[in-house]
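Working notes for the structure below.
Throughout, read-outs are computed from the coordinates displayed, never taken from laboratory work. Only a predicted model underlies this, so the values are computations on that prediction, with no experimental measurement involved.
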Amino acid sequence: MNELYDWIATNWYEAGTLLLHAAILVTLVWFARRFLSLRKASQAPAEAPERVSPAFEEAYPFAPALQENSRRRGPGAFRRLSLWFQAPMGS
């Protein structure tokens, strides 16, 4: 064990670089797996939207309108940002 400590003491920069590269590799694999699982989920067939019960609609007649307005429409925030960066600059 003493040899390991001696090696780290003399090669601390290389050991730190090795740990940093390992952390970057783990992070990239994690992001890739997450991206692929989200992509699979987005390609799955869409489920029917949930409807509220008729008693709830009677008590709160504005509920379906709120439910319709709460759904996101159009491109996401990151897509809008990338489109903004791609647009030519105005004069």
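Would you kindly state how much longer the chain becomes between SER37 and ASN2 on full extension, computed as 0.36 nm times their sequence separation minus their alpha carbon distance, in nm to one decimal?
Here the segment from SER37 to ASN2 would lengthen by 8.2 nm.
When the Kirkwood hydrodynamic radius is evaluated over all pairs of different C-alpha atoms of the stretch 1-42, what value in angstrom, to one decimal, is obtained?
About 12.4 Å for the stretch 1-42.
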